[in-house]
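Written below as structure tokens is the structure these notes are about.
What follows is calculated from the coordinates using simple rules that are stated; it is not laboratory data. Since the model is a prediction, treat every value here as computed from it, not as a measurement. Cβ: placed from backbone, ideal geometry, glycine included. Neighbour counts: every protein chain shown.
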Amino acid sequence: MENKLFSPGERIAIGASGGKDSTVLAYVMSTLNRRHNYGLDLFLLSIDEGITGYRDDSLETVKRNQIQYGLPLKVLSYKELYGWTMDDIVKMIGLKNNCTFCGVFRRQALDRGAAMLKVDKVVTGHNADDIAETVLLNILRGDIARLSRCTYITTGEDGPIPRCKPFKYTYEKEIVMYAYFKKLDYFSTECIYSPNAYRGFAREFIKDLERIRPRAILDIIKSGEDFRISTTTKMPEQGTCERCGYISSQKWCKACLLLEGLNRGLPKLGIGRTKGPHNCGHEDTNLGSGTNSIESKQCGSLDF
Amino acid sequence: MQLTLEFGGGLELLCDSVKVHDVKVDGGDEKKMSMKNLLHWVRTNLIKERPEMFMKGDTVRPGILVLVNDCDWELSGQLETVLEDKDVIVFISTLHGG
Ligand SMILES: [Zn+2]
Ligand SMILES: [Zn+2]
């Protein structure tokens, strides 16, 4: 907590997917808050993408966590926000590119949920492995803008609701070990719509490195942190979406563009520049939707 | 030799969604067995699908946590770890979503 992530009296939403990282995060946050009187008001915030056999099951886990940890839960669905579930979208567009929708919608859904809960901050369960993986992906994609940003422990401080990643330096291995010994109740199934290609390779590479030299993960994060962008590099400008008011560097935000395509029966609209299939949530490098960092994980994990 | 094998974090899906397996393993020598031999046995007898999700080369895939009697096998010699009767071995995948 030396990074000044929180201060007393703050309202904090924990992005909860039912997976290991967010479950451990919710457990640790609520335990520390009680034990050391941090004075934080904690909430669980879950996004229901509407994926039968996947998200409905993991939401059951979150509902149990709500009771186990005594934290109020807010569930926000794609259906209520956008009028489409992921099942509907996949029916319309097939398995290709569906993760573009999933990722763009989820990020925005989290911000909207946080606004409804009137929280001061959102915390997510991204761990050191996730961040190292994202650093590598941003290097491979040449996405300079996101490269250094993806390593910040807190992002979007200038935006409406900052996000932070308390597990930034926590190895995935430690989280799984912790969950095991504490017998925490978490959900571990991969998204049924996830083709799991590009990011999967980076993941595997990180795990191979870790076996040879565990520090490598932290070293990669450090490299990302130390990366400096020369002032001559033009960074995309931020504005707001003319339609919904969400942050966007284009006239319409990515979610609105995708929705327009869906509603007009032209689902290809807005998918233009993605590079082949990638995992849900694994964001769409230069899709304009904005300030948020691209880090994420397997499809369906809450990566916002 | 009697062993308890536990699969978690999604690995149970590779063996008929059963998490805990009480098994009798005949490793040649009745009293002792190495983790190396056990992995081979598991791959042959328990893993029903996608063995590449469990093994890579002659060891577990990176990202799979192995605990022998609740102790990280990296501390007990990994593949050389010697198992005894009634040991509990846990395999947990760390690779699935967060
Ligand atoms: Zn918009
Ligand atoms: Zn997806």
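Dipole size of the range B:2-93 about its Cα centre, with +1 on Lys/Arg Cβ and -1 on Asp/Glu Cβ: approximately 280 debye, rounded to the nearest 20.
Counting only Cα atoms, the size of the range B:2-93 along its three principal axes is 30, 25, 23 Å, in decreasing order.
Computed over the range A:57-195, the percent of Cα pairs more than 23 Å apart is 48.
Only lysine pairs 8 or more places apart or on separate chains count here, and in the range B:2-93 those with Cα atoms under 20 Å apart total 12. Taking GluC sites (Glu not before Pro) across the range B:38-88, the ones in a DSSP loop with at most 14 further Cβ atoms lying within 10 angstrom of their Cβ are B:Glu49, B:Glu74, B:Glu84. Look at the dipole of the range B:2-93 built from charges on Cβ: of B:Ile89, B:Trp41, B:Val23, the Cα furthest out on the positive end belongs to B:Trp41. Charged side chains reduced to their Cβ positions (Lys and Arg at +1, Asp and Glu at -1) give the range A:1-73 a dipole of some 300 debye around its Cα centre.
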